[in-house]
Amino acid sequence: MANRGALILIGGFLAFVVLVALIVGLYVRGTYNGLVGKSLAIDAQWAQVETQYQRRFDLIPNLVESTKGIFEQERAVFGQIAEARSKYAGAVTPDQRAEAATQVESALARLLVVMENYPDLRSQANVTQLMDELTGTENRIAVERQRFNERVLAYNNTVKRFPSNTIAAMFDYNERPYFRAVSGADGAPKVEF
């Protein structure tokens, strides 16, 4: 009888161990799959940011061509835009692309200031339409960057919080960087004539 009680006790203990192992296994699987999903969502959102950057880069040559004949003396602005576009094309990491995109934004801001000084240019329908499209694209970029940072926040919270941080460390899921503007991007561009 004592032997039977010991077997029941051992069986109950083994069932408890199996149940705990099953719960831990399900938690690890769920956390891992959550990290994978959030990481992929960040990558997909960055692709959206890049899509808007590409839209901007597609609009810029049209704007430049529409305005080039009127103010040839502003070649420096066009050169900065071309240089930033080239730098963006050669960028590999999101940080490098963000830095190049910020340089484009700075050059575009200078171009807008130049255009303000040419009222006849602003009144041309094609330039006005291109400027409206460019403004809309800049707004889209801002929205997509914000969404990117929101996804990074959700992911980083999972990577840093206990107990999911132990699972993240086991599978080498590390904190992801936020989109940040490069230093000096908060200042207004200086344009001299």
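Just so it is clear, none of the values below were taken in a lab; they were calculated from the coordinates. As the structure is a computational prediction, the values presented were derived from the model and not from experiment. Glycine gets a Cβ as well: all are built from the backbone with ideal geometry, and neighbour counts include every protein chain shown.
Here are the numbers:
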{"quantity": "For V152, V24, order by how many other beta-carbon atoms lie within 10 Å, fewest first", "calculated": "V24, V152"}
{"quantity": "Cα gyration tensor category, rounded, prolate or oblate, for segment 1-58 with a/c compared to 1.5", "calculated": "prolate"}
{"quantity": "Karplus-derived HN-Hα couplings along segment 146-154 (A = 6.51, B = -1.76, C = 1.60, θ = phi - 60°), whole Hz, x at Gly and Pro", "calculated": "4, 4, 4, 5, 5, 5, 5, 4, 4"}
{"quantity": "Contour minus Cα-Cα distance for Q96 and F16 (0.36 nm per residue)", "calculated": "23.6 nm"}
{"quantity": "Length added when fully stretched, R180-A6, from 0.36 nm per residue minus Cα-Cα", "calculated": "56.3 nm"}
{"quantity": "Modelled FRET efficiency - R0 22 Å, K87 with A154, Cβ distances, 0.05 increments", "calculated": "0.15"}
